[in-house]
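The values are calculated or read from the model by the stated rules, or taken from the named source; none is laboratory data. This structure is a prediction, so every number in the text was calculated from the model and none was measured. Here Cβ is always computed from backbone atoms with ideal geometry, including for glycine, and neighbour counts include all displayed protein chains.
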Amino acid sequence: MTLLSSAPRRSRGSGKPRRGHLAPLLASAAIAAIAVAVVAYLLWPTWTPKALNRPERLPVSIGGTLFNVPPLAFRMKVQRHSGPQERVDLNFAYPSLAPPEAPKHVSAETIEDAPQPDDRIFLSIAAHQDSLAPDMRLRTIYPRYLDATEAQNQDGLSQRAFRDGTPYAGEDLFVANTPALVARCTRDTATRGMCLTERRIGGADLTFRFPRQWLSQWREVADAIERLMQQLQGPQG
């Protein structure tokens with residue numbers, strides 16, 4: 001009887017020290033948690049979601065020439081990075097010249113076949129690799145294939161057709177001096193006609209594409225191309 005009665009007393013007595021040690025441990029844990037919360041609050045970033053957005057411009061080197069490109073202007077995600085590249089394909093809203101949202105599911109193989117919005121200027125920049133400059137092509141190549149008929153002039157913009165059976169059959173050449181514009185344009189058929197104009201900057205050729213119907217306001221288009229070139233050569237954002 002004595003042994004049975006003494007066992008519970010030792011058990012109850014041995015539990016008191018454990019409960020006494022538990023309270024300081026809980027208090028220490030609470031203090032540590034508060035300290036961690038205070039430090040986390042002080043160190044937590046204070047920027048707004050806007051600061052988490054992509055940079056305003058990406059420096060891209062093509063043919064050794066630097067261009068500063070808005071990330072959203074890239075048509076293909078694989079090209080959306082800084083550093084040297086052989087070619088980039090861009091698009092800009094017209095007339096604002098703001099970079100629109102990049103189209104989805106466009107690859108290098110399908111980019112030329114993708115639907116072409118009628119409010120965009122499309123621009124490809126590629127290393128020219130010592131190919132014939134655009135101004136030399138105008139003086140030495142195009143005249144070989146132009147139709148012999150006299151050029152039509154309208155509002156300062158001359159138009160001449162390329163002969164059938166030539167590499168440029170089905171196209172017309174438009175030239176203006178003030179402001180300067182040289183555009184080779186396909187004619188409207190089942191699909192709308194598109195114009196192509198080229199510029200060279202340093203080691204890169206810039207090829208702009210836009211709907212032929214815009215030539216009714218060709219001065220505004222020529223001005224937009226000039227402004228776009230200046231923006232791409234501007235300082236890093």
Which numbered condition Arg199 misses (of (1) assigned to a helix (DSSP H, G or I); (2) in contact with a strand residue (DSSP E or B) (Cβ under 7 Å, 6 or more places away or on another chain)): (1)
Select from segment 213-222 the residues that are farther than 23 Å from Leu232 by Cα and either touching a strand residue (DSSP E or B) at 6+ places or on another chain (Cβ under 7 Å) or in a loop (DSSP other than H, G, I, E, B) (or both) and list them in ascending order. Leu215
Residues within segment 144-165 that are surrounded by fewer than 16 Cβ atoms within 10 Å (Cβ to Cβ) and assigned to a helix (DSSP H, G or I), tallied: 1
Look through Ala169, Ala204 and report the one residue that is loosely packed, with under 13 Cβ neighbours inside 10 Å and small (Gly, Ala, Ser). Ala169
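Just to be sure before I move on: is Val175 outside any loop (DSSP other than H, G, I, E, B) and in contact with a helix residue (DSSP H, G or I) (Cβ under 6 Å, 6 or more places away or on another chain) in the structure I sent? So that I can check it myself, show each step before the final result.
Details: outside any loop (DSSP other than H, G, I, E, B): yes; in contact with a helix residue (DSSP H, G or I) (Cβ under 6 Å, 6 or more places away or on another chain): no.
When the stated conditions are applied, Val175 does not pass them.
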Could you tell me whether Ser82 is modelled with pLDDT of 95 or more, in the same structural domain as Glu226 (by TED's automatic domain parsing) and of a type in the set (Ser, Thr, Tyr)? yes
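Conditions tested, residue by residue: (1) polar (S, T, N, Q); (2) modelled with pLDDT of 95 or more.
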site	(1), (2)
Glu198	no, yes
Ala204	no, yes
Phe208	no, yes
Gln213	yes, yes
Trp218	no, yes
Asp223	no, yes
Gln230	yes, yes
Gln233	yes, no
Gln236	yes, no
Report yes if Asp147 is at pLDDT below 95, in the same structural domain as Leu66 (by TED's automatic domain parsing) and within 22 Å of Asp188 (Cα to Cα), otherwise no. no
In segment 202-212, the residues that are more than 20 Å from the chain's Cα centre (by Cα) and in a strand (DSSP E or B): Pro211
Can you pull out every residue in segment 215-237 that is more than 23 Å from Ser61 (Cα to Cα), without any contact (Cβ under 8 Å) to a residue 40 or more places away in the chain and not hydroxyl-bearing (Ser, Thr, Tyr)? Gln217
